[in-house]
1. Output yes when any residue across segment 97-110 is more than 16 Å from the chain's Cα centre (by Cα) and either surrounded by 15 or more Cβ atoms within 10 Å (Cβ to Cβ) or among the aromatic types (F, W, Y) (or both), and no when none is.
2. Which residues, counting only those in segment 70-80, are more than 15 Å from V53 (Cα to Cα) and surrounded by 10 or more Cβ atoms within 10 Å (Cβ to Cβ)?
3. Can you name the residue in segment 83-112 that is in contact with a Leu (Cβ under 7 Å, 6 or more places away or on another chain) and assigned to a helix (DSSP H, G or I) and is also nearest to G12 (Cα to Cα) among such residues?
4. As an exercise: evaluate G88 against (1) exposed (fewer than 12 other Cβ atoms within 10 Å of the Cβ); (2) modelled with pLDDT under 90 and give the number of the one condition it does not meet.
5. Which condition breaks for R36 when tested against (1) part of a loop (DSSP other than H, G, I, E, B); (2) among the charged types (D, E, K, R); (3) over 16 Å from A136 (Cβ atoms); (4) under 20 Å from the mean Cα position of the chain (by Cα)?
6. Identify the residue in segment 9-33 that is touching a strand residue (DSSP E or B) at 6+ places or on another chain (Cβ under 7 Å) and in a loop (DSSP other than H, G, I, E, B) and, among all such residues, is surrounded by the most Cβ atoms within 10 Å (Cβ to Cβ).
Amino acid sequence: MNGHSYDLVIVGAGSGNMLPAEEFAGWRIALAESSRFGGTCLNRGCIPSKTLVHTADVAQEVRHAGRFEVRAKWAGADWPAIRDRVFGRIDPLHERAVAYRRTHGADVFLGEARFTAPKVLQVGDDEIRAERFVLAAGSRPSIRSSTAWPRCPIPPPTR
């Protein structure tokens with residue numbers, strides 16, 4: 001196991017990636033991310049959705065351009081090309097963000113982070129210690145195993 005010590009560890013590189021700034025100059029900072037920098041919003045939520053909606057809006061405007069005395073003809077959409085355009089712009093941002101953080105003094109750990117003790121986090125084979133942690137990992141619902149339910153004050157979900 002590789003051991004590391006930091007002043008600040010940020011878990012989650014969606015909105016958490018915005019935190020390291022000049023105010024932390026001189027601090028040893030690490031970011032831990034289990035997936036892709038940018039989080040859900042950038043990679044599969046807000047940004048690609050809005051880009052696809054805008055594309056659909058443009059297609060709709062072409063179909064109804066005659067209302068404005070504009071002669072435009074709807075000839076269809078190349079959805080695979082549209083998808084490739086959208087994600088061709090988004091997908092490279094992860095590697096750029098990782099490289100940016102590393103060249104600006106932060107260590108980046110890619111993998112699932114778990115607390116193993118107070119002020120100790122494990123990511124893969126790395127043990128990360130810090131005085132301060134920011135948890136910006138978002139969340140996902142999960143159903144616990146039945147052995148956990150006796151210790152929980154709420155009843156298990158019904159199916």
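1. There is at least one residue in segment 97-110 that is more than 16 Å from the chain's Cα centre (by Cα) and either surrounded by 15 or more Cβ atoms within 10 Å (Cβ to Cβ) or among the aromatic types (F, W, Y) (or both).
2. Listed by number, the residues that qualify are V70, A72, W74.
3. R101
4. (2)
5. (3)
6. A13
The values are calculated or read from the model by the stated rules, or taken from the named source; none is laboratory data. Nothing here was measured: the structure is a model prediction, and the numbers come from that model. Positions of Cβ are generated from backbone atoms using ideal geometry, with glycine treated the same way; all protein chains shown enter the neighbour counts.
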